[in-house]
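Chemist: There's a structure below that I have some questions on.
The values are calculated or read from the model by the stated rules, or taken from the named source; none is laboratory data. Only a predicted model underlies this, so the values are computations on that prediction, with no experimental measurement involved. Neighbour counts are summed over all protein chains in view; Cβ atoms, including those assigned to glycine, are modelled from backbone coordinates with ideal geometry.
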Amino acid sequence: MTATTDGSGGPAGARAAAATEKLTEPEPEPETKTETETTRTTAGGDVLETARQAAARSVQYLLDHQDAAGWWKGDLQTNVTMDAEDLLLRQFLSIQDPAVTEAAARFIRGEQAEDGTWATFYGGPGDLSATIEAYVALRLAGDRPDDPHLARASAWVREQGGIAGSRVFTRIWLALFGWWKWDDLPELPPELLFLPKWFPLNIYDFGCWARQSIVPLTVVSAKRPVRPAPFTLDELHTDPRTPNPPRPLAPAASWDGFFQRADKALHVYRKFVPRRFRTVAVNAAARWIIERQENDGCWGGIQPPAVYSVIALYLLGYDLQHPIMRAGLESLDRFAVWREDGARMIEACQSPVWDTCLATIALADAGLAPDHPALVKAADWMLGEEIQRPGDWSVRRPGLAPGGWAFEFHNDNYPDIDDTAEVILALRRVRHPDANRLDAAIERGARWTAGMQSKNGAWAAFDADNTSPFPNRLPFCDFGEVIDPPSADVTAHVVEMLAYEGKAHHPRTRRGIAWLLDEQEDNGAWFGRWGVNYIYGTGSVVPALTAAGLPAAHPAIQRAVRWLESVQNDDGGWGEDLRSYREDKWIGRGASTASQTGWALLALLAAGERDSNSVERGVAWLAETQQADGSWDEPYFTGTGFPWDFSINYHLYRQVFPLTALGRYVHGEPFADTHRGA
């Protein structure tokens, strides 16, 4: 499938017009129910009452877990590389704390699989880089290489090719201690900052999360520091005498071959770059880093860029007691989650704005009064988090007025398009005492969101038209997505928001709808960029399309319904394993989870399938698996940072999405008689 990149006058505009015509197709006359269907609907009265009770318990659970300031935040669990790199940072800066080290080691040990490996998601296969970093962290914590758990890990690492087979970021960490040679890493010159914004591979060609890591890493690459290693890692090489065997070059005529040879040229450039020019470039990188430090001391609200920024500034002579450094280190401590068993887990990021808007939507759709104190308090907090200053996004949209919300507590440089759309949908559900303030914030947010539309008619998470094909080709970028192209799930949330704001027929909305219709897979599903995977994409798109006026009988909606019904598990729930990002056999397949069952139900309910057997079975599964306190248990990772490479278990997903689905099953679709189709 190919997404267009032209303006509304080209093929994308033609598809938008076609989509508009499709909206006007008359719905078929309703068929008379068969005796079986009538019986099922009658029997569904028990399901309805069960859903009411389950929803009531879930509502109370969320109310009990709201912070006094008005927000919600669940743990954001990723993988042990966050914890390992935290210990490596402390070792590099000589700020070790025995209590922290032991608590982190306890968590890392608890995540090890029986075969000695560490995975990047629950139930997943062993990951080479994660296993190497966890192993090194435990060595720093005092575990011995001949301890059974580490011996199993090192044997597996050697079988997988040793350190030489790990990703670049892992080898950078090892190079800091002399466990890997800097010459054997891709070159990342700080002069990259001087490339003009129109030139390929300028820093704004990278997604914001990659950009925030790459800039400080250019300083690290320029300085090439080495701290004395407290031990060797010979046991992690297939042959310690040749730790990095030569690798064949890709054909020169290929892009991979071109960039491999360009990296060799950059290594030569390093030897001859004028010292004064290099100093100017490094200082420019330092200014860039400092200008983007948030008020809470972090960078972008994300742990990895904060870690690399602290290292870069430290290498440039910033003392650990310098206010910038002190604030940065204090911000890193706030990513720590201390567990009851004494273990310490590091969050890669924190999600209070995202969790709060989703919780507000769930509670409102479950029937909580719009002026309920909990909802008003949540709205107050969200209004206080609005970003009204330009950020890096304005490089591509310099004339666009700011307005929007980030994902985290503090991240004013990078408001999130997805979060802004959902915050607006949440605020519309609240009867706030200061209606003018609420309306003004919504108007600014909706205008900013609409203005961040990419050329192809869709929306990405942070930037507009961040679609260069080159960054992912760099030898340095061997882990995860480093660009931010539009996605179906983000576009769907924006389309849904614009529809509820009375802009269902606005040209921007129509182009978004056309893009979504064009992106539907042959099986009827949509790819999920920020959630796992096709269930998330489909659960996002179908409610958006129906909110924008597509009838339930529309072929695209019906294909989605048939696909969701075809992948429902025998127990009544839905689940999809992260391996669906790599293996087609996993698409729509996996153990049932509360969050993914909620997504599937949201799509089916929006498609008018409330009385179907599939919906009733899904609702019954949610009720049956709910715990006594109104929550659900969900060890599986259903969130996505980078498809496959970096996975997330949002601990609040298992609460908000089931409740939203139960609420809509009991009370019907939100805004059905107000904004829809306006």
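Chemist: Somewhere in region 112-130, is a residue surrounded by fewer than 19 Cβ atoms within 10 Å (Cβ to Cβ) and within 25 Å of LEU332 (Cα to Cα)?
Modeler: Within region 112-130, one or more residues are surrounded by fewer than 19 Cβ atoms within 10 Å (Cβ to Cβ) and within 25 Å of LEU332 (Cα to Cα).
Chemist: Pairs only if they're at least six apart or on different chains, beta carbon under 7 angstrom, first in region 438-463 and without any contact (Cβ under 8 Å) to a residue 60 or more places away in the chain, second among the basic types (Lys, Arg) and part of a helix (DSSP H, G or I); list them, first residue then second.
Modeler: ALA450/ARG508; GLN453/ARG508
Chemist: Here is a further query. Are any residues in region 243-261 in a helix (DSSP H, G or I) and closer than 15 Å to PRO469 by Cβ, and if so, which ones?
Modeler: Pass one, region 243-261, residues in a helix (DSSP H, G or I): 255-261.
TRP255, ASP256, PHE258, PHE259, listed by residue number.
Chemist: Let me ask another. Assigned to a loop (DSSP other than H, G, I, E, B) and either buried (at least 23 other Cβ atoms within 10 Å of the Cβ) or modelled with pLDDT of 95 or more (or both): which single residue out of PRO475, PRO469, PRO486 fits that description? Give the steps one after another, and end with the answer.
Modeler: Values: PRO475 fails: either buried (at least 23 other Cβ atoms within 10 Å of the Cβ) or modelled with pLDDT of 95 or more (or both); PRO469 fails: either buried (at least 23 other Cβ atoms within 10 Å of the Cβ) or modelled with pLDDT of 95 or more (or both).
Result of the check over PRO475, PRO469, PRO486: PRO486.
Chemist: Mind telling me which of the residues PRO186, PRO200, PRO240 ends up being in the same structural domain as ALA284 (by TED's automatic domain parsing), part of a loop (DSSP other than H, G, I, E, B) and surrounded by 16 or more Cβ atoms within 10 Å (Cβ to Cβ)?
Modeler: Numbers: PRO200 fails: surrounded by 16 or more Cβ atoms within 10 Å (Cβ to Cβ); PRO240 fails: surrounded by 16 or more Cβ atoms within 10 Å (Cβ to Cβ).
Just one listed residue meets the conditions, PRO186.
Chemist: Residues in region 378-429 that are of a type in the set (Gly, Ala, Ser) and part of a helix (DSSP H, G or I): how many? First the steps, then the outcome.
Modeler: First, pick out the residues of region 378-429 that are of a type in the set (Gly, Ala, Ser): 378-379, 384, 391, 394, 399, 401, 403-404, 406, 421, 426.
Applying the additional criterion that residues be part of a helix (DSSP H, G or I) yields 378-379, 384, 394, 421, 426.
Going through region 378-429 one residue at a time, the tally reaches 6.
Residue-wise test of (1) farther than 30 Å from THR360 by Cβ; (2) modelled with pLDDT of 50 or more; (3) surrounded by fewer than 16 Cβ atoms within 10 Å (Cβ to Cβ); (4) touching a Phe, Trp or Tyr at 6+ places or on another chain (Cβ under 8 Å).
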{"residue": "GLU29", "(1), (2), (3), (4)": "yes, no, yes, no"}
{"residue": "ARG52", "(1), (2), (3), (4)": "no, yes, no, no"}
{"residue": "ARG57", "(1), (2), (3), (4)": "no, yes, no, no"}
{"residue": "TRP71", "(1), (2), (3), (4)": "no, yes, no, yes"}
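Chemist: Filter region 76-125 for residues that are among the small types (Gly, Ala, Ser), assigned to a loop (DSSP other than H, G, I, E, B) and more than 24 Å from GLU576 (Cα to Cα) and give the result. Walk me through how you get there before you give the answer.
Modeler: If we filter region 76-125 for residues that are among the small types (Gly, Ala, Ser), which is where we start, we get 84, 94, 99, 103-105, 110, 113, 116, 119, 123-124.
Next cut, assigned to a loop (DSSP other than H, G, I, E, B) only: 94, 113, 116, 123-124.
Scanning region 76-125 gives SER94, GLY116.
Chemist: Taking the stated definitions as given, is ARG562 surrounded by fewer than 19 Cβ atoms within 10 Å (Cβ to Cβ) and within 30 Å of ASP127 (Cα to Cα)? Before the answer, list the steps.
Modeler: Values: surrounded by fewer than 19 Cβ atoms within 10 Å (Cβ to Cβ): yes; within 30 Å of ASP127 (Cα to Cα): no.
Taking the combined requirement at face value, the residue does not satisfy it.
For every residue, the table says whether it meets (1) crowded, with 24+ Cβ neighbours inside 10 Å; (2) within 16 Å of PRO670 (Cα to Cα); (3) within 25 Å of the chain's Cα centre (by Cα); (4) assigned by TED's automatic domain parsing to the domain that holds PHE642.
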site	(1), (2), (3), (4)
MET497	yes, yes, yes, yes
ILE513	yes, no, yes, yes
GLN520	no, no, yes, yes
ASN523	no, no, yes, yes
TRP530	no, no, yes, yes
TYR534	yes, no, yes, yes
PRO543	yes, yes, yes, yes
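Chemist: Further question: Which residues, taken from region 402-437, are of a type in the set (Asp, Glu) and free of Cβ contacts under 8 Å to residues at least 24 places away in the same chain? It would help to see each step written out before you state the result.
Modeler: Narrowing region 402-437 to residues of a type in the set (Asp, Glu): 408, 412, 416, 418-419, 422, 434.
The answer is ASP434, and nothing else.
Chemist: Applying the selection to region 222-248, what residues are free of Cβ contacts under 8 Å to residues at least 40 places away in the same chain and within 30 Å of ALA285 (Cβ to Cβ)?
Modeler: ARG247 - this is the single residue of region 222-248 that is free of Cβ contacts under 8 Å to residues at least 40 places away in the same chain and within 30 Å of ALA285 (Cβ to Cβ).
Chemist: Looking only at region 126-150, which residues are over 28 Å from the mean Cα position of the chain (by Cα), part of a helix (DSSP H, G or I) and of a type in the set (D, E, K, R)?
Modeler: ARG139
Chemist: Can you list residue pairs whose Cβ atoms sit under 6 Å apart, with the first residue in region 485-500 being more than 12 Å from LEU545 (Cα to Cα) and the second being surrounded by 24 or more Cβ atoms within 10 Å (Cβ to Cβ) and among the charged types (D, E, K, R)? Count only pairs 6 or more apart in sequence or on different chains.
Modeler: Cβ pairs passing all conditions: SER487/ARG529; VAL490/ASP418.
Chemist: Shifting gears a bit: Can you tell me which residues in region 576-589 are surrounded by 20 or more Cβ atoms within 10 Å (Cβ to Cβ) and within 18 Å of GLY524 (Cβ to Cβ)?
Modeler: GLU576, SER580, ILE587, GLY588
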